[in-house]
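Worksheet: one structure, shown below.
Just so you know, all these numbers are worked out from the coordinates, no wet-lab data involved. These numbers were taken from a predicted model, which means no experiment stands behind them. Note that each Cβ is placed from the backbone with ideal geometry, even for glycine, and that neighbours are counted across all protein chains shown.
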Protein chains: 2
Amino acid sequence: MAQSSRKINMADVARAAGVSMATASRALNNDYGVAEATRRRVLAVAEELSYVVSPEASRLAGGATGRVAVVVPHISRWFFATLLEGLESVLRAADLDVLLYHVDGIEDRHDFFHRLPARRKVDAVVVLAFPVGEEEQRRLELMGVTIVAAGGQHAPYPNVCIDDETAARQAMDHLLFLGHRRIAMIAAVDPDQPDEVQPSGRSNAYYAALRDAGIPVDEQLVETVNWGGTKGADAMAKLLSLREPPTAVYAHSDEVALGAVRTLRRAGLRIPEDVSVIGIDDHPVAELTDLTTVRQPVREQGELAGRMLLRILRGEETEHDVVVPTQLVIRGSTAPPRS
Amino acid sequence: MAQSSRKINMADVARAAGVSMATASRALNNDYGVAEATRRRVLAVAEELSYVVSPEASRLAGGATGRVAVVVPHISRWFFATLLEGLESVLRAADLDVLLYHVDGIEDRHDFFHRLPARRKVDAVVVLAFPVGEEEQRRLELMGVTIVAAGGQHAPYPNVCIDDETAARQAMDHLLFLGHRRIAMIAAVDPDQPDEVQPSGRSNAYYAALRDAGIPVDEQLVETVNWGGTKGADAMAKLLSLREPPTAVYAHSDEVALGAVRTLRRAGLRIPEDVSVIGIDDHPVAELTDLTTVRQPVREQGELAGRMLLRILRGEETEHDVVVPTQLVIRGSTAPPRS
């Protein structure tokens, strides 16, 4: 690689690429409004001349950082990682950089939103599947930081999600259609979120479906656990200790459902002959374990949130609430009850 | 929030916090060498005065960006997401920001390493579980960008990993000890990586273990698939179409093993009575499905890589290759063969 002794400046790049200084600057800084072919030519020339872009210096003038903060309560869980993958793919294609922040628990989250805007590090914040408080939201807006959300439930800012209540109702109606009347629910909550913001749609649908089918609620059949498979296993053991255990189990997620499956297998029960099990998500493992579930398009929610954000940053109109559809996926873990 | 009409500057913050301008600057820019209590006090005062830090402006002088690029070939897979979670936790605790780059395929990877350093966006690059070419490495070093790796195999830069060959040998020796002699291997490769950099330790150990046990290799018992559970299911079907199927299956990962389990169950075979199955990883689902496996500490590899990087950025000594131990986890999917 040839290294010039004189420091190459942007004028050199503009001249060699045959574009104006303004265009060279926009191309080198990934600003909008430069044709892709032109941008590529300018970058190739800059590359050839070993011109080192200093995005910070040039961006200070324009005010945009070219970066988006993505805030997640969990990284290693499939749901959040898949949302993130979809979102990152759209933002990177638009030459925006993704700053990843894992906020672990309520205090950490509070601290994050308290400190982020004052650092002027990003143009926008995407929150994946957890709520932003009203004060936090005001603070971000005051600082000119755009907020978009995905994977949670309804929010006061642009948001992509499924309808939890509809998804849960699809699961419950499938069990009811098969003829089950003694149906348990293993509900899952996030211990890192305050009670008042726990989404309730997946539980509401359980009660609504039973009511519409004329089946009285038996609160012994409702177990509430923290998200995660081993908690589902424990809940299933409690349900099996009832005098009259359920013939079917509806779990708030596939991981929780898989925990229930483990307990049933250890008890020597057959699925679905003795007990039916259904989850929500269509986690990749559901396919491997023949689990009936309600599929939500997770990667797509991340992608949609990314495209929504790009429209907002360009000053274009965008929808406020996008609800993506869910669908029942019938596999081998549900069947009619034994008569 | 009280808003002053005059723009607050750093001298105001330093005065109100009772520290020197230099200390205020270091605290506001997350530079090293400021006591945590002092840093918190300065930030609290800045907060109170609504002082807006402009990290870019102040960092240009120092040359450090305060950002680390993390490059991953997959985000949504558990292994990579868990490495990332460990790494992010350490970097964020040190007030470094994580820029996330998902490079999807060989061309994308080449493009990434070609463009990143010229943008001077980061102080360091952490590559998760994929190799960096020699030319790419030289280019990063030329630009003063530090490289650290985790989750892959041996690399010419500081690296945290397991010993694939040892892990695989633990799995094979367990099956041999139980008395299996007809052992299949479902090997997994990453289609996005060139052949010459596919890690071979997990396959080498299969052949070495059979050789040491005096068992001749039957190449019909070796299936090679792309990573992923459904591929493992297909491979198991091929193994079951042999005149003499294996009594035990060693899979390169738990996800691949779970695919094999699905095929065995669909064929009406019992695990472990009819066929034993073992994987590598200790994926959270392995616990839920009673899968015997060889555990690797994944989050810890990410954390160790983060700490290694912090030492390098501080100019301290660090180890070059850290190998974390793996261990056999016996669950319900392995047993002696039927005699």
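Applying both filters, DSSP loop and at most 15 other Cβ atoms within 10 Å, to the GluC sites (Glu not before Pro) of the range B:241-339 gives B:GLU273, B:GLU316, B:GLU317, B:GLU319. Within the range A:231-253, name every residue whose backbone N is under 20 Å away from a label modeled 7 Å from Cα of A:ASP190 along the Cβ vector. The answer is A:231-232, A:251-253. Between the alpha-carbon centres of the range B:261-323 and the range A:82-150 there is a gap of 31 Å. Report the normalised scattering of chain B as log10 I(q)/I(0) at q = 0.11 Å⁻¹, calculated by the Debye formula with identical scatterers on the alpha carbons. Here log10 of I(q) over I(0) equals -0.77. The simple Förster model, with R0 at 56 Å and r as the Cβ-Cβ distance, assigns B:ALA11 and B:THR166 a FRET efficiency of 0.45.
Angle of helix A:78-93 to the longest C-alpha principal axis of chain A, folded into 0 to 90 degrees and rounded to 10: 20°.
The mean count of C-beta atoms from other chains within 10 Å of the C-beta of residues in A:104-114, rounded to a whole number, is 1. Each Lys and Arg Cβ is given +1 and each Asp and Glu Cβ -1; about its Cα centre, the range A:131-255 then shows a dipole of about 440 debye. Helix B:164-177 axis versus longest C-alpha principal axis of chain B: approximately 30°, rounded to the nearest ten. Short-range pairs are left out: with C-alpha atoms under 8 Å and at least six residues apart, the relative contact order of chain A is 17 percent.
Partner shielding of B:89-101 amounts to 4, given as the average count of beta-carbon atoms from other chains within 10 Å of each residue beta-carbon.
Here the simple spin-label model places points 7 Å from the Cα toward Cβ, and for B:ASP212 and A:ALA94 these points are separated by 5.4 nm. Among beta bridges from DSSP that stay inside chain B, the antiparallel ones total about 10%.
In nanometers and ordered shortest first, the copy-to-copy spacing of the B:VAL323 label point, defined 7 Å from Cα toward Cβ, is 5.6.
What the pair-distance distribution of the protein assembly as shown shows, using all Cα-Cα distances binned every 10 Å from zero, is 3, 14, 22, 24, 19, 12, 6, 1, 0 percent. Each listed q (0.10, 0.11, 0.14, 0.21 Å⁻¹) maps to a log10 I(q)/I(0) for the range B:164-296 from the Debye sum over equal C-alpha point scatterers, namely -0.27, -0.33, -0.54, -1.31. With respect to chain A, whose longest principal axis is taken over its alpha-carbon atoms, helix A:36-48 is tilted by about 60°. Among B:PRO216, B:ASN204, B:GLY229, which residue has its Cα positioned farthest towards the positive end of the charge dipole of the range B:196-239, with +1 placed on the Cβ of Lys and Arg, -1 on the Cβ of Asp and Glu, and the dipole taken about the Cα centre? So the residue furthest toward the plus end is B:GLY229. Quote the FRET efficiency, to the nearest 0.05, computed for B:ASP234 versus B:ASP108 with a Förster distance R0 of 41 Å and r equal to the Cβ-Cβ distance. Efficiency, from the Cβ-Cβ distance: 0.95. Counting Cβ atoms of other protein chains within 10 Å of each Cβ in B:66-73 and taking the mean gives 1.
Using Cβ point charges alone (K and R +1, D and E -1), the dipole size of the protein assembly as shown about the Cα centre works out to roughly 640 debye. Only one residue of A:SER276, A:GLY151, A:MET172 has its Cα farthest out toward the positive end of the dipole of the protein assembly as shown, where Lys and Arg carry +1 and Asp and Glu -1 on Cβ, and that residue is A:GLY151. Packing-based ranking of A:90-97, A:156-163, B:322-329, A:66-73 yields A:66-73, A:156-163, A:90-97, B:322-329, ordered from highest to lowest mean Cβ neighbour count within 10 Å.
Label-to-label distance for A:ALA22 and B:GLU135 is 3.8 nm, based on points extended 7 Å past Cα in the beta-carbon direction. The length gained on full extension between B:ARG40 and B:LEU142, counted as 0.36 nm times the residue separation minus their Cα-Cα distance, comes to 33.1 nm. Amide H contacts for A:ILE147 (H built 1.01 Å from N in the peptide plane; partners 5 or more residues away or on another chain; cut-off under 5 Å): A:VAL125.
For the pair B:ARG311 and B:GLN198, label points projected 7 Å from Cα toward Cβ lie 3.4 nm apart. Highest mean packing first, where packing is the average number of other Cβ atoms within 10 Å per residue, the peptides A:244-253, B:126-135, B:222-231 line up as A:244-253, B:126-135, B:222-231. For the protein assembly as shown, the antiparallel share of DSSP beta bridges with both residues in that region comes to about 10%.
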